[in-house]
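Note sheet for the following structure.
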Protein chains: 2
Amino acid sequence: MDMMTDLYPSRVAPRPELRARHDPVVYGTAETGPLPSASLSRYERNGYLAFDQLLPESEVRDLRAELDRLWAWAGDAKDETIIREPSSQEVRSVFAIHRGDGLFARLAADRRIVGMAEQILGGPVYIHQSRVNFKKGFTGKEFYWHSDFETWHVEDGMPRMRAFSLSIALTDNLPHNGPLMVIPGSHRRYVACVGTTPEDHYKASLRRQEYGVPDEESLVGLVAEGGLAAPTGKAGAAVLFDCNTMHGSNSNITPLPRSNIFIVYNSVENALVAPFGGHKPRPEFVATRNATPLTAA
Amino acid sequence: MDMMTDLYPSRVAPRPELRARHDPVVYGTAETGPLPSASLSRYERNGYLAFDQLLPESEVRDLRAELDRLWAWAGDAKDETIIREPSSQEVRSVFAIHRGDGLFARLAADRRIVGMAEQILGGPVYIHQSRVNFKKGFTGKEFYWHSDFETWHVEDGMPRMRAFSLSIALTDNLPHNGPLMVIPGSHRRYVACVGTTPEDHYKASLRRQEYGVPDEESLVGLVAEGGLAAPTGKAGAAVLFDCNTMHGSNSNITPLPRSNIFIVYNSVENALVAPFGGHKPRPEFVATRNATPLTAA
């Protein structure tokens, strides 16, 4: 593959465009991992898979305690991995939680999960990005619609669509506390966005996205075709979604926090190259450039 | 009743307080109107009633056309009844839609609805306030938790709890386009809020509430007791909720607008007096001081 060919240009044309996907969605088969072929077909068709209970309660309890420690630390700490809400100092996200050897790191390298990643992505994988989104009660703000891949391609240099996110609920994800919404089938299209990317854009964009934002007409079209889904579930539930599945979430005025872990798995054959937007790459804590395959835990 | 006694002081104490309600919720009986006693008991207990289909499809179609005309007019018009979103010029609400003799006015005076109002409020009623909240797709912002009564009491001089709102869906109200959420049972308590009220507060508060905001601890307590409900339904569905029921709604990033009519019925025996907050009353389009009973249509 010639890495210099940009199969997914974005933020270059004066008008948005709905283009075709050039990559498979599922790279493996039912024989190469834990997911049965019905799940693989569903994932291929819809661009996501929901798990009612990926993790047992006891594990969730431990992860929740770790989450509380992370929240307490992030409150006062000054660290590049801590992202605050757009109009307050409240912590919105903490990135790179898979580093080190804590609970989150062990979870990210857990064989049950890595097995699914290797199956879907067709071979060895590494973690491109990880984070916790806290979305606290009362004040948690929305995450507007976006395809992760659009940003990862333009700003990080991810060449092809061969990655996915796993979002694990550490608190109950209810219809009303701003659950993750996906547009089923949207992963089969690519919304080329309008606008250029300012240098060091990520510092603002992790708080509130302003570039790489899909246009309303494309979103209307995608929803008309595929509808909307918002898989909800108890803490321990999870959603696995393709890197190009259009997703977002509403605000959360309920008292009930919606705190989720996101771990992004990428194929080692899809390691980052120079960003297609032409800027310098975003820092390691947002997008690692080290594609060493995960060693199974 | 001595109108000068403030049974529901708010925005005066240095700390928020959860107080008791001193008024009935249902003033009539099953004999005095269209609602059966099971509905009245449910309303008394929960502080709201949901109707799957208050209006038939043909009526909804006509009202939707009227809504589109209102939206088109409000786009450019300069009128005090038009309220725009807090950080854009997009129309958030239009008030006083029950005036005149258009479709909305006829709906507000419709015998089916007024009959319920007279039953619940125990006698003749008038319309205290009416509005359309558009909550357009993509950009519709949240309405934070509030008890309407708190504001109507402090800023308008509504003496007692003897009013309710009817919210009628003119577009489908889905779990994910920012439906009205209520805290069941919250109408039996009164959350006295903290903070004073600036003069002419309404101009900002109709865009985004900053005074008369309930504290988080009280909200946590109310939700722990009563949970959360968000009745959804097709266009034509409705929610009738007590003036003191704590309610709010999240933002709406979906392409699907959540446009609702709100009509507030108040008992003529509960007509406005001088505002309990001590300021000059808000203007007629937000809170009429003319308590002439509705003539049945």
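Before moving on, here are some points about what is shown:
- Residue-by-residue Karplus 3J(HN,Hα) for the range B:258-265, coefficients 6.51, -1.76, 1.60, Hz, glycine and proline x: 10, 9, 10, 8, 10, 10, 10, 9
- GNM top mover of A:191, A:125, A:12 - chain A, alpha-carbon springs below 10 Å: A:12
- Exposure rank, largest accessible area first [A:135, A:203; 1.4 Å]: A:203, A:135
- Each Lys and Arg adds +1 at its Cβ and each Asp and Glu adds -1 at its Cβ; summed about the Cα centre, the protein assembly as shown shows a dipole of about 20 debye.
- With contacts taken as Cα pairs under 8 Å at a separation of at least 6 residues, the range A:25-270 carries a relative contact order of 34 percent.
- Projected label distance in nm at residue A:17 and residue B:6, using a 7 Å step from Cα toward the beta-carbon: 6.4
- Mean-position separation - Cα centroids, the range A:24-64 and the range B:89-103, in angstrom: 48
- Among the residues of the range A:173-207, those with an accessible-area drop of 50 Å² or more from chain alone to full protein complex, heavy atoms and 1.4 Å probe, are A:176.
- Quotient of C-alpha Rg and 2.2 N^0.38 Å, computed over the range B:25-270: 0.96
- Computed from the C-beta positions of residue B:78 and residue A:61, the FRET efficiency with R₀ = 45 Å rounds to 0.20.
- The largest accessible area among A:27, A:126, A:202 belongs to the first residue in A:27, A:202, A:126, and the rest follow in falling order (1.4 Å probe, all chains).
- Result for chain A in a Gaussian network model with C-alpha springs under 10 Å: among A:30, A:224, A:163, the largest mean-square fluctuation is at A:224.
- Each chain gives up part of its surface: A and B jointly bury about 2100 Å² of accessible area, both sides summed, for a 1.4 Å probe.
- Close lysine pairs were tallied over chain B: pairs 8 or more places apart or on different chains with Cα atoms under 30 Å apart number 14.
- Each residue of the range B:269-276 was assigned a 3J(HN,Hα) from its phi angle through the Karplus expression (A = 6.51, B = -1.76, C = 1.60, θ = phi - 60°), giving 7, 10, 4, 5, 10, 5, x, 6 Hz with x at Gly and Pro.
- Prolate/oblate/rounded call for the range A:105-171, Cα gyration tensor, a/c under 1.5 rounded: oblate
- With both labels modelled 7 Å from their Cα along Cα-to-Cβ, the residue B:292 to residue A:295 distance reads 8.5 nm.
- Placing unit charges on each Cβ (+1 for Lys and Arg, -1 for Asp and Glu) gives the range B:25-270 a dipole about its Cα centre, and among B:170, B:219, B:30 the Cα reaching farthest toward its positive end belongs to B:170.
- In order through the range A:88-100: 3J(HN,Hα) via Karplus (6.51 cos²θ - 1.76 cosθ + 1.60), integer Hz, x for Gly, Pro: 7, 9, 5, 6, 9, 9, 10, 8, 6, 7, 8, 6, x
- Kirkwood Rh and Cα Rg combined as Rg/Rh, the protein assembly as shown: 1.01
- Placing pseudo-labels 7 Å out from each Cα toward the beta carbon at residue B:42 and residue B:88 gives an inter-label distance of 3.6 nm.
- Computed from the Cβ-Cβ distance with R0 of 56 Å, the FRET efficiency linking residue B:203 to residue A:99 stands at 0.70.
- The mean accessible area for residues of chain B, using a 1.4 Å probe and ignoring ligands and nucleic acids, is 40 Å² per residue.
- For residue B:71, the accessible surface of its heavy atoms amounts to roughly 70 Å² (probe 1.4 Å, protein chains only, rounded to the nearest 10).
- Backbone amide hydrogens, once placed in the peptide plane, bring residue B:47 within less than 5 Å of B:185, excluding anything fewer than 5 places away on its chain.
- Computed [θ] at 222 nm, deg cm²/dmol, chain B (DSSP H ≥ 4; -39,500 (n - 2.57); rounded to nearest 500): -6500 deg cm²/dmol
The values are calculated or read from the model by the stated rules, or taken from the named source; none is laboratory data. Everything quoted here is computed from the prediction, not taken from an experiment. As a convention, Cβ positions derive from the backbone with ideal geometry for all residues, glycine included, and neighbour counts pool all protein chains shown. Ligands, DNA and RNA are excluded from the accessible area calculation, which covers all protein heavy atoms including side chains. Shrake-Rupley method; radii C 1.70, N 1.55, O 1.52, S 1.80 Å.
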